[in-house]
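First up is the structure itself, then whatever we jot down about it.
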Amino acid sequence: MSEVNIGRRKEKCENCTKQCNKKQSDEGISSLPEKDVANREVPASSHLLKQQVLLSACLSCEGCVSEEESLKISQQNLEEMARVLGLNKKCDVSKHKVLVVSVCPQSLPFFAVKFGLDIPEATRKLCGFLKSLGVQYVFDTTLAAGFSILESQRDFVQRYSRRHHDSHALPMFTSSCPGWIRYAERVLGSLVTPHICTARSPQQIMGCLVKDYFTKQQKLSPDKLYHIVVAPCFDKKLEAVRGEFYNSLLESRDVDCVLTSGEVFHMMEQMKVSLADLDPVPLDHVLGEAGDPALVRHQGRGSEGFLEHIFKYAASELFGLDVEEITYKTLRNRDFQEVCLEREGEVLLQFASVYGFRNIQTLVHRMRKGHVPYQLVEVLSCPGGCMSGRGQAQGETGGRVDKALVQQMEEAYSSLPVRLPDTNPVLHILYQDWLEGQDSTHTNTLLHTQYTQQSPSQTWTHTQPPHIQW
């Protein structure tokens with residue numbers, strides 16, 4: 001979609017718990033030019049590639065996308081990808097860039113369902129398509145998610161140890177969801193931000209891995225590499241343009257462009273790509289070794305399983321208990337659940353998973369009253385978790401989630417084998433070779449960040465930026 005149009009309500013709506021159900025218009029959709037289809041080129045401009053992001057899709061919206069953010073978001077699209085690919089075909093090599101695409105594991109089930117294949121085969125077909133466009137490397141971000149989980153585990157245990165003298169230590173809120181982070185910073189402020197885990201999200205750790213480690217291995221300057229992330233969620237576009245993820249000296253972002261799974265699939269449809277004609281190509285290894293990397297998943301309900309991983313790690317580290325299976329207790333609904341660790345009738349740990357803004361509002365209301373018994377809360381802005389991100393799960397007829405599609409994706413995702421990040425030898429190699437150890441300054445700098453309250457002056461603008469339809 002060549003332009004992302006983010007809707008903004010005229011009135012302030014920061015405390016609203018309802019989602020807008022305005023239907024997305026299909027007007028203006030047309031076929032791609034035949035020359036683009038024949039040459040397998042990403043079209044530089046097409047009415048087809050324009051799609052609105054509904055208010056219900058930008059779940060964190062409180063009417064406060066700044067002019068600068070709007071301009072940056074408007075550049076995260078297929079048109080920008082086409083521009084970079086086009087420059088690579090011209091004679092001026094000084095403007096050539098190496099294109100790298102990182103695919104989120106929650107996007108892979110979407111392509112598997114749409115292609116009618118299992119996840120490994122669908123991934124090879126997707127990789128083959130991207131490389132046919134001129135992309136040089138395709139990774140999946142499971143490795144980065146492993147880093148994020150390990151660092152979140154350590155952050156929780158450290159917070160737990162200082163809980164008696166640090167009022168902001170607990171509860172700890174997970175930091176992987178950019179919609180939740182944006183809402184916390186812009187609306188909830190100091191009530192919540194000190195409690196947010198400092199570990200970077202998988203997307204942004206992947207950005208560091210590609211722009212710092214991988215570029216050094218390839219002997220490239222970071223500004224000579226264009227990094228695209230394929231994600232299930234529109235909010236990932238907002239995360240990519242955060243100031244702390246930009247190197248002003250090198251004029252380079254950790255993630256240059258975020259495309260949703262739906263954007264990539266619609267591009268394939270309009271280019272009339274035949275799966276049968278696509279060569280299956282294996283994903284690339286960050287470390288450069290040969291062979292098709294095995295696709296695995298982390299524990300959890302179609303997200304990255306931060307709650308389960310941190311729960312089991314904390315049970316072992318803090319209480320010497322080995323937890324094999326976790327039993328969830330449903331509270332308000334399937335998206336508000338809790339899990340407890342007990343020993344001889346004593347509750348040692350009490351965690352919760354809270355998905356969707358209605359449930360988040362309930363959590364915040366309890367927190368204001370001091371009635372939150374949890375040491376950790378896994379928070380995701382999308383009801384149902386990351387698999388239900390509006391960038392891939394939205395129905396074709398409007399703004400509602402396609403529940404049948406989500407169920408198929410969850411079934412496909414659950415077919416992948418589980419691998420604990422603690423047992424991944426690649427992570428241990430990278431901790432030593434890239435980060436100089438788990439407790440190093442490099443680890444703290446590259447894998448962590450800080451979240452703080454942001455004032456309205458930082459977020460509000462009355463100026464409508466070009467190419468953005470409010």
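The values are calculated or read from the model by the stated rules, or taken from the named source; none is laboratory data. Here the structure is a predicted model, which is why all the values come from computation and not from measurement. Glycine gets a Cβ as well: all are built from the backbone with ideal geometry, and neighbour counts include every protein chain shown. Accessible surface is based on the protein model in full, side chains and every heavy atom, while ligands, DNA and RNA are left aside. Shrake-Rupley method; radii C 1.70, N 1.55, O 1.52, S 1.80 Å.
Here the spin labels are modelled as points 7 Å beyond Cα on the Cα-Cβ line, and at GLN158 and GLU317 they lie 1.0 nm apart.
Rounded to the nearest 20 debye, the dipole size of the stretch 246-389 about its Cα centre is 1060 debye, using +1 on the Cβ of Lys and Arg and -1 on the Cβ of Asp and Glu. A simple rule links phi to the HN-Hα coupling: the Karplus curve 6.51 cos²θ - 1.76 cosθ + 1.60 with θ = phi - 60°, which for the stretch 408-425 gives 5, 5, 5, 5, 5, 5, 5, 6, 6, x, 8, 9, 6, x, 4, 9, 7, x Hz, with x for Gly and Pro. Taking a ≥ b ≥ c as the square roots of the eigenvalues of the Cα gyration tensor, an a/c ratio of 1.5 or more together with a/b no larger than b/c marks the stretch 279-407 as oblate.
Atom-type composition of the exposed protein surface of the stretch 273-430 places 47 percent of the accessible area on carbon and sulfur (1.4 angstrom probe).
For ARG253, the amide hydrogen comes within under 5 Å of the amide hydrogens of ASN247, counting only partners 5 or more places away or on other chains and with H modelled in the peptide plane. Put the Cα centre of the stretch 105-144 next to the Cα centre of the stretch 151-204 and the gap is 31 Å.
Less than 5 angstrom separates the built amide H of LEU225 from those of VAL98, all sequence-distant by 5 or more or on a different chain.
For the stretch 86-211, give the percent of accessible area contributed by carbon and sulfur heavy atoms, probe 1.4 Å, rounded to a whole number. Whole-percent figure for carbon plus sulfur exposure: 53. Excluding ligands, DNA and RNA, the accessible surface per residue across the stretch 166-228 is 25 Å² with a 1.4 Å probe.
For the cross-link pairs LYS216/LYS237; LYS72/LYS216; LYS72/LYS403; LYS97/LYS125; LYS114/LYS237, the ones whose C-alpha atoms lie over 28 Å apart are LYS72/LYS403. Close amide H pairs (under 5 Å, H built 1.01 Å from N) link MET172 with LEU376, VAL377, residues at least 5 positions away or on another chain. The stretch between VAL93 and ASN444, if pulled fully straight at 0.36 nm per residue, gains 122.8 nm over its current Cα-Cα span. The overall shape of the stretch 196-273 is oblate: from the C-alpha gyration tensor, with semi-axes ordered a ≥ b ≥ c, the ratio a/c is 1.5 or greater and a/b is no larger than b/c. Highest mean packing comes first when the peptides 316-326, 144-154 are listed by Cβ atoms within 10 Å, giving 144-154, 316-326. 3J(HN,Hα) along the stretch 118-123: 6, 4, x, 6, 5, 5 Hz, from the Karplus curve 6.51 cos²θ - 1.76 cosθ + 1.60 with θ = phi - 60°, whole Hz, x for Gly and Pro. Across the stretch 336-348, rounded Karplus estimates of 3J(HN,Hα) from the backbone phi angles (6.51 cos²θ - 1.76 cosθ + 1.60, θ = phi - 60°) give 9, 10, 9, 9, 10, 10, 10, 9, 6, x, 9, 7, 8 Hz, Gly and Pro being marked x.
Per-peptide packing, taken as the mean over residues of other Cβ atoms within 10 Å, places 423-435, 235-247, 375-387, 193-205 in the sequence 375-387, 193-205, 235-247, 423-435 from highest down.
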